[in-house]
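See below for the structure under consideration.
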Amino acid sequence: MLGEETFHPDTRALLAYGRALAGVGEAPKKGGADQVLERLFVLERTSDGRLPIRTFGTELVDIFGRDMREHDFQRFFLAPDLALVNALINACTAANEPGILRVTAETGCGKVLGAEILITPLKVDHQLGHRFLGMFQMLGGESFLGGRPIQRLRLGSLHPPAAKAPKGMRLVVVND
């Protein structure tokens, strides 16, 4: 991914983990991403296109002001940004690799905080639908929010996985 050396070290650690899950990278060193557990969440993509949050880490509860389980992740974005967020999720699904959103998190009174959101597909039973592991990584510290909860996320940049060429057809000849 172009420019990934600029990502937060915790984002890079989870990026390596997501690539290892996809079978395209080396497994991270043991304990490489343990410190991010409370910043993780799980999204589900439902058949009607919603993205309900299924799990939500305790650090996220603190900065968002409440537990966002069962809330639609899409509600944090305005329509133009949401179209791009959905495109990134589609790219992650197609490549089966993680992607990253750089966002500006805003409170209701206009306080802002830079953040990275990593999204990687999870391999789960098809009955559970499409699920994604996410991580919300603050860039600069939550003190910028002044204790106020995050209300909106504005997209700054997208960092999708590299597109993969479709697998070509193979001609198989059977001589019986």
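Every number here is computed from the coordinates shown, using simple stated rules; none is lab data. Predicted model, so just to flag it, every value in this text is computed and none were measured. Methodologically, a virtual Cβ is constructed for each residue, glycine included, from the backbone with ideal geometry; neighbour enumeration extends over all protein chains shown.
Descriptive notes on the structure:
- Net lengthening on full extension, residue 130/residue 83 (0.36 nm per residue, minus Cα-Cα): 15.1 nm
- Spin-label model distance (nm) - residue 66 vs residue 172, 7 Å beyond Cα toward Cβ: 5.4
- Each residue, residue 104 and residue 139, gets one label point 7 Å from its Cα in the Cβ direction; the gap between the two is 1.2 nm.
- Most to least packed among 61-74, 85-98 [average Cβ atoms within 10 Å]: 85-98, 61-74
- Sites residue 111 and residue 162, calculated FRET efficiency, Cβ-Cβ separation with R0 45 Å, nearest 0.05: 0.80
- Residue 55-residue 94 pseudo-label distance in nm [points 7 Å out on the Cα-to-Cβ vector]: 2.9
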